Amino acid sequence: MYQQITIIGNVGRDPEMRYTQGGVAVCDFSVAVNKRYTTAGGDQRDETTWFRVTCWRQLAETMGKYLTKGKQVMVVGEVTASAYTDKAGQPAATLEITANTVKFLGQRQEGGENDAAGGGFSADRGGGNRGGGRADDEFAPPQNTSRGNRGGGNPPSNPDDIPF
């Protein structure tokens, strides 16, 4: 079985980079996905869903270098939901995505020019050269060809390498 989610939204905070004891790069950030709809009574409503996104290895390095708060991104990955009790004692849940691909959308705010992280820059954790020589392919990590390749693939299987 396999499940995958694709979201498009705005980065809610600057990414946080860290490294496991084994030296594996991990990057965390949040993404707000907004939905606007009209109720049966004709009122406009806005609804925001927050996702916590985690990137590993080369994808994490790329996100830590280029991603900033407010950027519009498309994230493709695997989603999990975790239940918890909030500060008021009420049950709550969080949606967490382990990203396979992150694509930067939109443009740079100053002057409207594309920067290295805007206008279609794309990174994924195992896609290799996907675009037939496009300029942004130099930022994509190499294709994961073996289980021992630390440049892509799944999070570490050794519990000591998990940073939380």
### Task
Run down GLN21, GLN4 and say which single residue is surrounded by 10 or more Cβ atoms within 10 Å (Cβ to Cβ), more than 23 Å from ASN100 (Cβ to Cβ) and in contact (Cβ under 8 Å) with a residue 40 or more places away in the chain.
GLN21
## Note on the structure
Among the residues of the range 56-107, the number that are polar (S, T, N, Q), at pLDDT below 90 and touching a Lys or Arg at 6+ places or on another chain (Cβ under 8 Å) is 1
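So, of the residues in the range 24-68 that are basic (Lys, Arg) and assigned to a strand (DSSP E or B), which turns out to be nearest to ALA99 (Cα to Cα)?
Applying the first criterion (basic (Lys, Arg)) to the range 24-68 yields 35-36, 45, 52, 57, 65.
So of that shortlist, the ones also assigned to a strand (DSSP E or B) come out as 35-36, 45, 52.
Working: LYS35: 22, ARG36: 25, ARG45: 29, ARG52: 10 Å.
If we take residues in the range 24-68 being basic (Lys, Arg) and assigned to a strand (DSSP E or B), then ARG52 is nearest to ALA99 (Cα to Cα).
For GLU78, indicate whether it is assigned to a strand (DSSP E or B) and either of a type outside the set (A, V, I, L, M) or over 25 Å from GLN4 (Cβ atoms) (or both).
Working: assigned to a strand (DSSP E or B): yes; either of a type outside the set (A, V, I, L, M) or over 25 Å from GLN4 (Cβ atoms) (or both): yes.
Answer is yes for this residue.
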### Message
Any residue in the range 53-82 that is without any contact (Cβ under 8 Å) to a residue 40 or more places away in the chain and surrounded by fewer than 19 Cβ atoms within 10 Å (Cβ to Cβ) sitting within a Cβ distance under 6 Å of a residue that is charged (D, E, K, R) and in a strand (DSSP E or B)? List the pairs, counting only those 6 or more apart or interchain.
### Response
THR80/GLU96
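The values are calculated or read from the model by the stated rules, or taken from the named source; none is laboratory data. Fair warning: this is a prediction, and the values are worked out from it, not measured in the lab. A quick note on method: Cβ atoms are made from the backbone with ideal geometry, for glycine too, and the neighbour counts reach across all protein chains shown.
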